[in-house]
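Trainee: Quick one: structure below, then a few questions.
Nothing in this text is a laboratory measurement; each read-out follows from the coordinates by a stated rule. Since the model is a prediction, treat every value here as computed from it, not as a measurement. Quick reminder, even Gly has a Cβ in these numbers, built from the backbone with ideal geometry, and neighbours come from all protein chains shown.
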Amino acid sequence: MEGTGLFRNSRCIGGWPLTILLMVYLTRKAEFSASHVYHNPEFTAEENRRIFGKCNNPNGHGHNYMLEVTVKGEVDPRSGFVVDLKQLKEVMNHEVLDAMDHRFLNKEVPEFLHQIPTTENIAIAVWQRLSSKLERAQLHRVRVYETPDLFVDFYGEE
Amino acid sequence: MKAHLSRRYRFSASHRLHANSMSAAENQSTYGKCNNPYGHGHNYTVEVTVSGQVDAKTGMVCNLVDLDGFIEREVLARYDRENLNTLLEFAQEVPTTENLCIRIYDLVHRGFTCAHLERVRIEETMMNSFEYWGAAKPMF
């Protein structure tokens, strides 16, 4: 016998109601604009130019970054939610956008004072900022688009 | 830490979907408009995903200059502004986007050594896309 409405994922097996929890992935996007420069002080000026090319311009340059945060979880049979979107939005705003939007990443974001703010490192930093702050859902993937043609996915430490 | 890096490239090419092993009627019913004898073209977008440990010194999975250079030389130069049916690899194989996806995956998998290839995804139009992950389990 199958349930209906909010409890459509409940079934009765052997006369006992058994709730089958369904894993669903939910993605929320956010945009932020920031500037950065690729430069490793351990490299010579020539090495920095050769490895990082135009991205080594000392005055920096900027991007409109698009962030996609995917969380996964079982659908709560009462609310029908994987995650409270309002809470996810607040955490993303507080942890990521407040820190990175309209900032010079190398100088204003602690993670990048001693680490190059490549798209790879931004995705890892976003993951680390979000993973402990989510209440119900589990972080599945952080995707950061530097441009529409270049993006990085981070799935946590594998 | 391991990250996945994806880059999108574009090329334009023509093709005709036609299997020599099928009758004219079978070709017509299988491929429809794509079986038009004079062929037709698409603006293809190829999304290449590679993975690897993020290098502590550069912050990169691999240098984009290397990936862009490889794809330009080995993929775009090979397929852009070509009629796919005239190419050696499609002499015996129908140049569907499925087969093209596998061919490009093989090219990158064999030749690109700076990072591990995870998948090749091709958008044939804005409405159709195809992915090939080789032997790996797809990650979404």
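Trainee: If you take each beta carbon of peptide B:38-51 and count the beta carbons of other chains within 10 angstrom, what is the mean?
Mentor: Average neighbour count from other chains, rounded to a whole number: 1.
Trainee: Rank the residues B:Ser129, B:Ser29 as a footprinting-exposure proxy: fewest other Cβ atoms within 10 Å of their Cβ go first. Mind dumping the intermediate values first?
Mentor: Details: B:Ser129 14, B:Ser29 11.
Lowest to highest Cβ neighbour count: B:Ser29, B:Ser129.
Trainee: Can you give me the relative contact order of region B:2-132 as a percent, contacts being Cα pairs under 8 Å and 6 or more apart?
Mentor: The normalised contact order for region B:2-132 reaches 33 percent.
Trainee: Please sort through the DSSP H helices of chain B and keep those with an alpha-carbon extent of at least 27 Å along the long axis and a Kyte-Doolittle average not below 1.6. Intermediate values should be presented prior to the final figure.
Mentor: On the way: long enough: none.
Helices meeting the criterion: none.
Trainee: Then there is this: What is the Cα radius of gyration of chain B over 2.2 N^0.38 Å, N being its residue count?
Mentor: On the way: Rg = 16.7 Å, N = 140, 2.2 N^0.38 = 14.4 Å.
This ratio for chain B stands at 1.16.
Trainee: Now, a different point. Could you list B:Leu88, B:Leu117 in order of exposure, starting from the residue whose Cβ has the fewest other Cβ atoms within 10 Å?
Mentor: So the ranking, lowest neighbour count to highest, is B:Leu88, B:Leu117.
Trainee: Mind ordering A:74-87, A:109-122 by average Cβ neighbours within 10 Å, highest first?
Mentor: The densest-packed peptide leads the list: A:109-122, A:74-87.
Trainee: Go through A:Gly73, A:Val96, A:Phe43 and say which Cα lies farthest out towards the positive end of the charge dipole of region A:14-99; charges sit on Cβ, +1 for Lys and Arg, -1 for Asp and Glu.
Mentor: Among A:Gly73, A:Val96, A:Phe43, the one farthest towards the positive end of the dipole of region A:14-99 is A:Gly73.
Trainee: Another question, then. Can you give the extra length, in nm with one decimal, that the chain gains between B:Lys137 and B:His40 once fully stretched, where that is 0.36 nm per residue apart less the Cα-Cα distance?
Mentor: My answer for the length gained is 31.6 nm.
Trainee: Then there's this: Quick one: which of A:Lys29/A:Lys107; A:Lys29/A:Lys133; B:Lys2/B:Lys137; A:Lys29/B:Lys57; A:Lys107/B:Lys2 span more than 28 angstrom between C-alpha atoms?
Mentor: A:Lys29/B:Lys57
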